[in-house]
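Take a look at the structure below.
Every read-out reported here was derived from the displayed coordinates using simple, explicitly stated rules and does not represent laboratory data. Please read all numbers here as calculations on a predicted model, not as lab measurements. Note: ideal-geometry Cβ built from the backbone for every residue, glycine included; neighbour counts use all protein chains shown.
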Amino acid sequence: MKSKTKRFCIIDDDDVQIFITQKMLEASGASTKDSILVYNDGKEAFDDLKSRFEENRELPDVILLDVNMPIWNGWNFLDEFNKINRGKFIDVFMVSSSISYKEVLKSQTYPNVFGFFSKPLNVNIIQTKMIHL
């Protein structure tokens with residue numbers, strides 16, 4: 001039985017990683033190109049998602065959040081996003097090219113963070129960890 005596609009949000013400052021992640025989401029059947037929101041830093045993502053909340057527009061089901069970015073990193077985004085996210089539970093997965101034990105432990109203190117993965121994501125991780133939530 002095929003799972004329904006989800007609306008994903010990619011927050012990452014690396015255009016190559018964004019491209020790879022989009023292709024993996026499409027190849028896995030998790031999402032379609034038209035249902036993927038992309039932002040290059042946490043502040044840009046926060047501003048748009050906040051306006052989506054305020055205007056009752058469509059929100060993502062899943063956020064793939066890079067840890068290390070300019071302007072606002074992933075932690076800045078999470079801290080501010082969790083203050084406004086009151087009506088919809090959105091699954092968050094942290095992604096990073098370098099994973100530290102300290103960051104993994106920190107991610108576990110956020111109730112909406114369901115995993116911490118190294119880049120690039122692959123189809124297997126998407127299908128087994130992200131689609132079936």
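Treating cross-link reach as a plain straight distance, find the aspartates and glutamates whose alpha-carbon is under 17 Å from the alpha-carbon of Lys6, omitting any fewer than eight places away in the same chain. List returned: Glu26, Asp34, Glu58, Asp61, Asp91. In the chain, a dipole from Cβ-located charges (positive for Lys and Arg, negative for Asp and Glu) runs towards its positive end, and of Ser96, Phe46, Phe116 it is Phe116 whose Cα lies farthest in that direction.
Suppose we look only past 12 Å in the calculated P(r) of segment 54-106. What percent of the Cα-Cα pairs does that tail hold?
When every Cα pair of segment 54-106 is considered, 70 percent fall beyond 12 Å.
Database remark: amide H of Met69 closer than 5 angstrom to the amide H of Gly74 (H placed geometrically; neighbours at sequence offset of 5 or more, or on other chains; Pro and chain starts carry no H). Computed over the chain, relative contact order equals 28 percent, with contacts defined as Cα pairs under 8 Å that lie 6+ residues apart. Ordering Thr32, Thr21 from the fewest to the most neighbouring beta carbons within 10 Å gives Thr32, Thr21.
What's the Cα-based Rg to Rh of segment 8-130, Rh via Kirkwood?
Result: Rg/Rh = 0.93.
The dipole here belongs to the chain: it is taken about the Cα centre, uses +1 on the Cβ of Lys and Arg and -1 on the Cβ of Asp and Glu, and is about 600 debye. With the largest listed first and rounded to whole Å, the semi-axes of the equivalent ellipsoid of segment 1-67 from the Cα gyration tensor are 20, 17, 8. For segment 72-133, the normalised intensity computed at q = 0.20 Å⁻¹ comes to -0.86 (log10 of I(q)/I(0), Debye sum over alpha carbons, equal scatterers, no solvent).
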